[in-house]
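The values are calculated or read from the model by the stated rules, or taken from the named source; none is laboratory data. Quantities reported herein were computed from a predicted structural model and do not represent experimental measurements. Methodologically, a virtual Cβ is constructed for each residue, glycine included, from the backbone with ideal geometry; neighbour enumeration extends over all protein chains shown. Calculation scope for accessible area: heavy atoms of the full protein, side chains included, ligands and nucleic acids excluded. Shrake-Rupley method; radii C 1.70, N 1.55, O 1.52, S 1.80 Å.
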2 protein chains.
Amino acid sequence: MTSQDVILGILMDDSHSGYEIKHKFETLFSYFYNASYGTIYPTLGKMEKLGLITKESILQDGKPNKNVYTITEAGREAFVQYLESDIQGVELKSDFMVRLFFGEWTEPERVIRWLERSIAKEERQIERLNADYERWKSHMSPTQEICIALGIANQESNRRILLEGLAKLKAQL
Amino acid sequence: MTSQDVILGILMDDSHSGYEIKHKFETLFSYFYNASYGTIYPTLGKMEKLGLITKESILQDGKPNKNVYTITEAGREAFVQYLESDIQGVELKSDFMVRLFFGEWTEPERVIRWLERSIAKEERQIERLNADYERWKSHMSPTQEICIALGIANQESNRRILLEGLAKLKAQL
DNA sequence: TCAGACATGTAACAAGTTACATGATTTT
DNA sequence: AAAATCATGTAACTTGTTACATGTCTGA
């Protein structure tokens, strides 16, 4: 899976600018994929050269021009090819879990602070995902529903385990 | 969190070679962090130059020499500084979830195959994590227990949601 | 006899982030 | 008056992977 594949997926049902694509990453998507402008803009340029997408410049008043990209037939074929390729394993990099693993090398009070902040973060995320679900569920595909259910269930399971762990650590103080 | 921080953490309670560090990544750790030899060896070299670790070459017969690294006082201080720094947010990159999100663009049979394979994978991982826990629980710290509990709970929640999703998709066929 | 464990290291390449550069409009 | 939104793009840098290079011993 490359950023090109993900951008093709976003352009499959509608044309978008680079700015809008970034927005989609942040709202719908950030839970399992993300990319910065420094990735998005050069990738769109490369994809246009490859003939996977076409660019249309839209003049706006008061705002900068918008470059709206539309997927081509070749782009659709490339996306289908991606869907037919082997699935890559998930990559997770969690600073929080690394610290937890090495938690014995710092004061219990600090570890407790880590846990409390992490729990608060999980709770904010659960609320955000539930709100996202409420807002978009009417036009979400069945597989997208599984996606968001995975996210919510994960965050709820994290919350539960962290609360249990926190209670145990506090009992040992 | 850099690979240097994680390597320092591993060297905190015992000296190890690069090969052994890689092995630790793969067994204890791969769930939330990993690095290849191409990262480990150059990082160890850099850390030695910085005075964070010292190298001792051990001659072995029948096997290649082993470079065993030991953390220095400066290394311990650097590790403590890492533990005092801000926690970085988790980074997740999941090809599986991206495909699920775009699942409407391919045949339902393919999506069902993705789900079935993913469920089988989660089940293997759950067994592996449980086996790891049984093997190491006697010398695991309380925070390490939280770590492994997070991993197991996550994988079990994924399994549950995927099974539910699979049933729904099959019903719609 | 062949795969896998043991063991280190480099070079080429790929991928992605951050910071910089620019600037009007709208909301707080 | 400041911050956020809208909008694009590049250059320098960081980080990391993959493949190559080398070689023995052990167990299936």
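Screening A:GLU48 with (1) of a type in the set (D, E, K, R); (2) within 23 Å of A:GLY151 (Cβ to Cβ); (3) assigned by TED's automatic domain parsing to the domain that holds A:MET12 gives one miss only, at (2).
Here B:ILE40, B:ILE7, B:ILE58 are screened, and the one residue that is open to solvent by 50 Å² or more (accessible area, probe 1.4 Å) and within 15 Å of DNA strand D (Cβ to nearest atom) is B:ILE58. Scanning segment A:139-159 for residues that are farther than 24 Å from B:GLU109 by Cα, more than 18 Å from the chain's Cα centre (by Cα) and more than 7 Å from every other protein chain (Cβ to nearest Cβ) returns a single hit, A:ARG159. Each residue in segment A:16-37 was checked for being among the small types (Gly, Ala, Ser) and either exposed (fewer than 15 other Cβ atoms within 10 Å of the Cβ) or within 12 Å of the chain's Cα centre (by Cα) (or both), and 3 of them qualify. Select from segment B:75-89 the residues that are open to solvent by 50 Å² or more (accessible area, probe 1.4 Å) and either farther than 20 Å from A:ARG99 by Cα or more than 14 Å from DNA strand D (Cβ to nearest atom) (or both) and list them in ascending order. Within segment B:75-89, B:ARG76, B:GLU77, B:VAL80, B:GLN81, B:GLU84, B:ASP86, B:ILE87 qualify. You will find that of A:GLN88, A:GLN125, A:GLN144, the residue that is closer than 25 Å to B:ASP86 by Cβ and either within 16 Å of DNA strand C (Cβ to nearest atom) or among the polar types (S, T, N, Q) (or both) is A:GLN125 and no other. Among the residues of segment B:149-161, the ones that are touching a residue at least 40 places away in the same chain (Cβ under 8 Å) and open to solvent by less than 20 Å² (accessible area, probe 1.4 Å) come to 1 in all. Within segment B:57-80, residues that are within 14 Å of chain A (Cβ to nearest Cβ) and over 18 Å from B:LEU44 (Cβ atoms) reach partners that are modelled with pLDDT of 95 or more and assigned to a helix (DSSP H, G or I) with beta carbons closer than 8 Å, at six or more positions or on different chains, in the pairs B:VAL80/A:TRP105.
Do the conditions hold for A:SER94, that is, is it out of contact with any Gly (no Cβ under 7 Å at 6 or more places or on another chain), buried (at least 16 other Cβ atoms within 10 Å of the Cβ) and within 29 Å of B:ALA78 (Cβ to Cβ)? In short, yes.
Of the residues that make up segment A:162-171, is at least one more than 8 Å from chain B (Cβ to nearest Cβ), open to solvent by 40 Å² or more (accessible area, probe 1.4 Å) and not in a helix (DSSP H, G or I)? No: segment A:162-171 contains no residue that is more than 8 Å from chain B (Cβ to nearest Cβ), open to solvent by 40 Å² or more (accessible area, probe 1.4 Å) and not in a helix (DSSP H, G or I).
Taken over segment A:10-25, the criterion of being free of Cβ contacts under 8 Å to residues at least 40 places away in the same chain and either more than 10 Å from DNA strand D (Cβ to nearest atom) or farther than 27 Å from A:GLU145 by Cβ (or both) is satisfied by A:ILE10, A:ASP13, A:ASP14, A:LYS24, A:PHE25. Within segment A:97-115, none of the residues are without any contact (Cβ under 8 Å) to a residue 40 or more places away in the chain, open to solvent by 40 Å² or more (accessible area, probe 1.4 Å) and closer than 30 Å to B:TRP105 by Cα.
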